[in-house]
Structure formats: C-alpha cells, structure tokens
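Worksheet: the structure to be examined is printed underneath.
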There are 2 protein chains.
Amino acid sequence: MRPLIHPSIEDITVEGILHALSDPVRAAIYAELAGSDYGHTCSNFLQISDRAIPKSTLSQHFRVLREAGLIRSERQGVEMNNTSRCAEIEQRFPSLIAAVMNAHRVQFADRARAAKRKQSARKTTAG
Amino acid sequence: MRPLIHPSIEDITVEGILHALSDPVRAAIYAELAGSDYGHTCSNFLQISDRAIPKSTLSQHFRVLREAGLIRSERQGVEMNNTSRCAEIEQRFPSLIAAVMNAHRVQFADRARAAKRKQSARKTTAG
DNA sequence: TCCATAGTTCATATGTTGCGAACTATTGAA
DNA sequence: TTCAATAGTTCGCAACATATGAACTATGGA
C-alpha cells in the first residue's frame, strides 16, 4: 500500500481545488468535513443523500480531495481520520473555500425550493 | 451549425462553473473577459502566455465557458463577441467569481516569485 | 492464527478532452 | 452572382480520466 500524498501548502493549485470541488459527491464530502471540528471516516459517506457510493469509488474521491490538498487523511487503527485543511487554504487563497461552499448551499436551497414548487403544482393540478 | 446554448441564470450550476474554471486556459480566457468592459473574439486567444492554442481546441473551451453560463457569445459579422456574465453570476453566487479569480492571481504571483528565485539561484551558483 | 472491518489497488468499460482536417457562416470584392 | 478570405464550428479518433466490481492489504480483537 503506497503512502498517502499530501501536497505542501505551496504546491496546492487552484485548478486542483476547483476540479476536486466540481464533483457534487466530493463537494458534499468536503462540506461535511469542513463544517465539523472532528474527523470523519471514509465509510461515513457510503451513503450520500439517498445515493449509495461504492467504496472503491469513495476511495478515489478521497484520494482526489487529498491530492488536491483539501483534506488530510491519517490512519487511526483500522479506519481513516479525514479532516479538512481549510485553515491552511484560507491563508493561501483567502475566501475561496467559503465562497465555493456558500455557492453550493445556494444551489442546494434553490433546488429544494424548485422541487417543492413542482410538488405543490402537481397537487393543485390533481385536486 | 447548431445554435449556441446559453443557460438561464437559474440553470447555472456550481459544478459547471468550477469545472469550467478548473482549466488554466479557460481561467485565463475568462479572467480577460471578466476584466474588460468590451467583448473579445475567440481568436484573440490563439496565443495565451507563450502557448499556441489550436482553434478547434479554443472553440471547445469557449463552448464549455458558454454552457457553464460564464460567458455570452454573440455573432457579430464574421466574428464572435464574447462577454462575461459575471454580474448575473455575482447575483446568484455572491463573491464566488471574485474569490476564484483572486486565487488564480495569487497562484500566478507565487509562481512568478518562485521562478525568479530559482533563476537568481542559478546565477549565483554559476558565478 | 484466524476473522472482521476499513480502505486501497487492479482491471476494464465507459466517458471526456485535445487537435488536425473538413466544414459552415459571413463579408467584401470582382 | 461567384469567388476568396476570415472566423468559428464540427467530426473523428487517439490519449487520457473516471466509475466500479473483484481482489488485495492493513489493523485490531478473539
């Protein structure tokens, strides 16, 4: 098993960060990690908003996040402890992460609102 | 020639924006468009920082930016007039674009600094 | 030593990207 | 009108990337 790669802060690239966060599954994982003050294991995410993620896929997603410099993964016994590196990134790329996470929240809220509207429209048409 | 696709503001996704801007060529194009108050043609970018971009590739890049909702392309005679949609995006995803563009600037500055350091190190070793 | 659990890696099928060649659209000149 | 020039787009294919089941590795406990 090859050692895990964690780029040093100056080797982190914008391209890498944006690419990593341009996938909704990875964005969801990262949002959870960045939003909590303790670590998460990989298998905490085998289920993401009603969608099952195969563990090999999950492992790849964590690798992308890790190698983009967004998270740090440390083995802790049989499992992994994954934490966000947001403080470091904030230092190098101020307000980038916050803006991206906020945008994801906006989009999530808009979608929920659209879905609700659609649902009530169905109800009125049916009734 | 199929008509150009411009998503309406509510159909613009964060994934799409991040993916579009995760490519350095596209980020450079977008930065130029967003930073000027007049439009640019595609062929203005056949050369980007000493690198030649084939026009078919350039056309694809513009398509990605356009379909992500980042730019608007309008035919003007024989050429295209490309303008950024940053005002609209700012409204939906506040400070996202600014943070991404700033991060790219930071990275560009850091790289230039690193290259300069390396160059002067070569000089002292040689002398 | 054996098993269970958590993740990683491999193989491969499927999807995406880059780019030369061929094409389309528009303008202007003959 | 026809022809050529210019600006972009589309096609086709090779190279690269991604998703996932199957096989594997690492760790801890019985």
Region A:72-126, residues that are under 16 Å from B:Val100 (Cα atoms), among the polar types (S, T, N, Q) and free of Cβ contacts under 8 Å to residues at least 60 places away in the same chain: A:Ser95, A:Asn102
- request: Check whether at least one residue in region B:40-59 is away from DNA strand C (no atom under 16 Å from the Cβ) and either hydroxyl-bearing (Ser, Thr, Tyr) or touching a residue at least 40 places away in the same chain (Cβ under 8 Å) (or both), and report yes or no.
  value: yes
- prompt: Yes or no: A:Val106 within 16 Å of DNA strand D (Cβ to nearest atom), within 14 Å of chain B (Cβ to nearest Cβ) and not small (Gly, Ala, Ser)?
  reply: no
- line: Taking region B:60-83 and the residues there that are of a type in the set (Val, Ile, Thr) and either surrounded by fewer than 17 Cβ atoms within 10 Å (Cβ to Cβ) or within 14 Å of another protein chain (Cβ to nearest Cβ) (or both), the one that is nearest to DNA strand C (Cβ to nearest atom) would be B:Val78
query: Checking A:Arg2 against (1) over 13 Å from the mean Cα position of the chain (by Cα); (2) at pLDDT 95 or above; (3) more than 14 Å from chain B (Cβ to nearest Cβ), which single condition isn't satisfied?
result: (2)
So B:Arg66, is it within 23 Å of B:Met1 (Cβ to Cβ), part of a helix (DSSP H, G or I), among the charged types (D, E, K, R) and within 16 Å of DNA strand D (Cβ to nearest atom): yes
query: Can B:Val106 be described as of a type in the set (A, V, I, L, M, F, W, C), touching a Lys or Arg at 6+ places or on another chain (Cβ under 8 Å) and assigned to a helix (DSSP H, G or I)?
result: yes
task: Could you tell me whether A:Glu90 is modelled with pLDDT of 95 or more and within 14 Å of another protein chain (Cβ to nearest Cβ)?
output: yes
message: Consider region A:7-57. How many of its residues are surrounded by 16 or more Cβ atoms within 10 Å (Cβ to Cβ), in a loop (DSSP other than H, G, I, E, B) and more than 14 Å from chain B (Cβ to nearest Cβ)?
response: 2
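The values are calculated or read from the model by the stated rules, or taken from the named source; none is laboratory data. All values reported here derive from a predicted model rather than from experimental measurement. All Cβ positions, glycine included, derive from the backbone under ideal geometry; neighbour counts span all protein chains shown.
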